[in-house]
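K.L.:
Let me begin by handing over the structure; questions about it come next.
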Amino acid sequence: MQPLRVWLAPLGPNPWKVITVLEELAVPYEVESVRFENIKKLPFTDLNPNGRVPGILEEVIDRAWDISNTPAAIEDPNTGIKVWETGAIILYLIDKYDTNNQLHYGSLDKEILCKQWLIFQVGGQGPYFGQCTCFTYLHPEKLSSAIESYSKEAKRVLGVLDGVLGAQPDKEWLVGDRITYADLAFVPWNDRLDATLGVPSDKKFEGFPNVKEWHERMTKRPSWVKAMKLRARLMDEQGLDWNGMPKGTANFQEYQESIAKGEA
Ligand SMILES: N[C@@H](CCC(=O)N[C@@H](CS)C(=O)NCC(=O)O)C(=O)O
């Protein structure tokens with residue numbers, strides 16, 4: 001089997017959903033690591049019209065690849081299929097490579113629930129946690145109404161998950177009695193909750209004990225540990241610290257000043 005190719009910028013959480021699923025399924029892959037600042041530009045927007053990662057960048061041009069044949073997010077040379085949007089990528093990987101039903105169920109009643117949670121993740125968790133992180137952490141102007149509104153929504157989403165996971169004493173997973181792709185899809189954004197909510201790392205799940213336990217069950221898995229090891233290496237290669245600050249940045253204030261000046 002030929003390795004699948006994944007284009008990603010290591011900084012953002014979304015690509016790590018895909019990498020974790022690939023690791024869980026032991027599907028071989030190779031990564032094209034790209035920089036964030038180029039993803040809204042041509043020619044890449046021709047390839048992934050949404051200009052987001054998983055996506056492609058400079059390195060592609062550097063290698064003089066034929067852009068017209070270059071995938072926007074993942075490419076599977078075994079099928080010739082190219083897909084962008086993490087929800088679609090995960091569904092593709094499950095359809096094609098989860099032949100033993102390791103991360104999904106074969107029955108319609110459970111499968112529709114896995115899809116329901118995946119759609120909730122891509123539409124309900126990802127965008128709101130993303131905006132919340134932006135206004136809490138990255139946006140140079142601290143707009144209290146935006147921070148409040150997005151924090152409230154992020155906590156509401158956490159409350160939905162916490163309620164469902166706590167509905168029965170022995171409930172460990174969103175669907176049925178074992179882990180599925182639906183659970184894994186929530187990990188990368190939940191892992192950044194400290195930045196999203198602007199709280200210390202040990203307080204990020206305060207008020208959401210079921211989400212905390214669920215999250216920790218997943219971050220102990222070799223798939224996540226390996227994905228984060230890869231992230232650390234790719235961040236390092238891009239001159240970035242783990243939290244996204246360019247290496248050598250003295251502190252968060254200096255980072256915010258450089259963002260305000262458009263340097264970071
Ligand atoms: N719905 C998309 C979201 C992808 C996304 O927002 N990726 C972020 C990185 S985690 C990104 O590319 N942000 C840069 C930008 O929006 O310019 C997906 O699930 O693939």
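K.L.:
Any residue at all in segment 36-46 that is within 16 Å of the ligand (Cβ to nearest atom) and either within 15 Å of the chain's Cα centre (by Cα) or modelled with pLDDT of 90 or more (or both)?
P.N.:
yes
K.L.:
Could you tell me which numbered condition ILE112 fails, if it satisfies all but one of (1) within 29 Å of VAL6 (Cα to Cα); (2) assigned to a helix (DSSP H, G or I); (3) aliphatic (A, V, I, L, M); (4) touching a helix residue (DSSP H, G or I) at 6+ places or on another chain (Cβ under 9 Å)?
P.N.:
(4) is the only condition that ILE112 fails.
K.L.:
Now for a separate question. The conditions are (1) surrounded by 12 or more Cβ atoms within 10 Å (Cβ to Cβ); (2) closer than 22 Å to THR133 by Cβ; (3) out of contact with any His (no Cβ under 9 Å at 6 or more places or on another chain), and ASP202 fails exactly one of them. Which is it?
P.N.:
Condition not satisfied by ASP202: (1).
K.L.:
Identify the residue in segment 2-16 that is more than 12 Å from the ligand (Cβ to nearest atom) and of a type outside the set (A, V, I, L, M) and, among all such residues, is surrounded by the most Cβ atoms within 10 Å (Cβ to Cβ).
P.N.:
Of the residues in segment 2-16, the ones more than 12 Å from the ligand (Cβ to nearest atom) are 2-5.
Filter again for of a type outside the set (A, V, I, L, M), leaving 2-3, 5.
On the way: GLN2: 10, PRO3: 15, ARG5: 18.
So the residue we want is ARG5.
K.L.:
Here's a follow-up. Examine segment 17-30 for a residue that is crowded, with 21+ Cβ neighbours inside 10 Å, under 17 Å from the mean Cα position of the chain (by Cα), in a loop (DSSP other than H, G, I, E, B) and within 16 Å of the ligand (Cβ to nearest atom), and state whether such a residue exists.
P.N.:
no
K.L.:
Continuing with this model, one more query. Checking ASN210 against (1) touching a Leu at 6+ places or on another chain (Cβ under 7 Å); (2) closer than 17 Å to VAL18 by Cα: exactly one of these is not met. Which one?
P.N.:
(2)
K.L.:
Pick from segment 146-186 the residues that are among the aliphatic types (A, V, I, L, M) and part of a loop (DSSP other than H, G, I, E, B): which of them is surrounded by the fewest Cβ atoms within 10 Å (Cβ to Cβ)? Before you say what the answer is, go through the steps one by one.
P.N.:
To start, the set of residues in segment 146-186 that are among the aliphatic types (A, V, I, L, M) comprises 146-147, 154, 157-158, 160-161, 164-165, 167, 174-175, 179, 182, 184-185.
Subsequent filtering for residues that are part of a loop (DSSP other than H, G, I, E, B) retains 167, 174-175, 179, 185.
Numbers: ALA167: 9, LEU174: 22, VAL175: 21, ILE179: 20, ALA185: 27.
That would be ALA167.
The values are calculated or read from the model by the stated rules, or taken from the named source; none is laboratory data. Quick caveat, the model's predicted, so the values are computed rather than measured. No Cβ is skipped: glycine too gets one built from the backbone with ideal geometry, and neighbour counts run over all protein chains shown.
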